[in-house]
Amino acid sequence: MKRSPDHEDEILDVRTHRDPDRNRLTPVVRLPPEAALTVVDALAGLVRTAHREEAERPAPDGTLKRAQVFEEGDVFMLEPPFPGFFADRYLMDFYDTTARDICSRMHLHTGLRFVRMMTGPDTTIRVSSLSPVTVRPSAAFGPLTAFTDELPDTPEGVRRERHNVIVPPNSWVDMQIPRGVSHQFNAVGPNAVIDSVHPEESIETLREGMSGYRMMAQTIFLAKDRSPADTCAGTTAPEDVPTPDDVPAP
């Protein structure tokens, strides 16, 4: 899939990309705010500790760097692959999109992903894709908010519809992401983490000819630049702008 295996900012033309499948969301559980915050804080704390240690004692060249940076947040490889076991596991401490006024870009990965999104109080995650997101039924949840808008900052004359689902506060929601399917996560609020399994990490690295395990290298972006927060932080459908024909005559 990659033109340059180790490139960490490879761009695919959004005009020609078509998702080969759909992402699937499974709402898992709603938690009391205190319990949700305890879980999020504990997991985010592991990521932050790993990044402090990396800053103090950087991983030597040629060795596995477990504390990494991704567009959506800081990540930590909790469990690396080993011979005979292809999968690994990452934790990600989400950035607050509104605090930075930057959205992550729509992207796809060189292998499939299994992601558990967890939110605490006053925090949502906007999940987006260029194809409709299948939301599986759950006894623990009511319907999730879902809406469509237009992908921002596309080339002139190009319109791509973006499908969005909102992960509410104090929730766990799982997402199955097939290889090569577009997606975009943007957290709004300070309390959000991801527990992500890459089931074929060592296989996809070998398949692509990559020199190591790096999340950015396993990613292909569908935009060159990141857009401001007002293009991805909303949790409801954008209001229709009235045309002159819609405005009543005085």
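The values are calculated or read from the model by the stated rules, or taken from the named source; none is laboratory data. The shown structure was predicted, so the numbers you read here are calculated from the model rather than taken from an experiment. Because the Cβ atoms are built from the backbone with ideal geometry, glycine has one as well, and the counts that use them run over all protein chains shown.
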_Can you say whether ARG116 is basic (Lys, Arg) and more than 21 Å from ARG105 (Cα to Cα), as far as the supplied structure shows?_
no
*Filter pass, PHE86 being surrounded by fewer than 17 Cβ atoms within 10 Å (Cβ to Cβ), at pLDDT below 95 and under 26 Å from GLN176 (Cβ atoms)*: no
*Here are some conditions: (1) of a type in the set (A, V, I, L, M); (2) without any contact (Cβ under 8 Å) to a residue 40 or more places away in the chain; (3) in contact with a Leu (Cβ under 6 Å, 6 or more places away or on another chain). MET106 meets all but one. Which one does it not meet?*
(2)
_One residue is enough: does the range 66-81 have a residue meeting the conditions among the hydrophobic types (A, V, I, L, M, F, W, C), buried (at least 20 other Cβ atoms within 10 Å of the Cβ) and over 13 Å from the mean Cα position of the chain (by Cα)?_
yes
_When the residues of the range 96-108 are narrowed to those that are over 11 Å from the mean Cα position of the chain (by Cα) and not small (Gly, Ala, Ser), which ends up surrounded by the most Cβ atoms within 10 Å (Cβ to Cβ)?_
THR97
*Hits in the range 71-86 - residues which are in contact with a strand residue (DSSP E or B) (Cβ under 6 Å, 6 or more places away or on another chain) and either farther than 19 Å from GLY120 by Cβ or hydroxyl-bearing (Ser, Thr, Tyr) (or both)*: MET77, LEU78, GLU79, PRO80, PRO81
*asked:* Residue under question is ARG159, and the condition is that it be outside any strand (DSSP E or B) and under 22 Å from MET215 (Cβ atoms); does it hold?
replied: no
*Is it fair to say GLN176 is part of a strand (DSSP E or B) and under 12 Å from the mean Cα position of the chain (by Cα)?*
yes
*Within the range 51-70, can you find the residues that are closer than 26 Å to ARG126 by Cα and in contact (Cβ under 8 Å) with a residue 24 or more places away in the chain?*
HIS51, GLN68, VAL69, PHE70
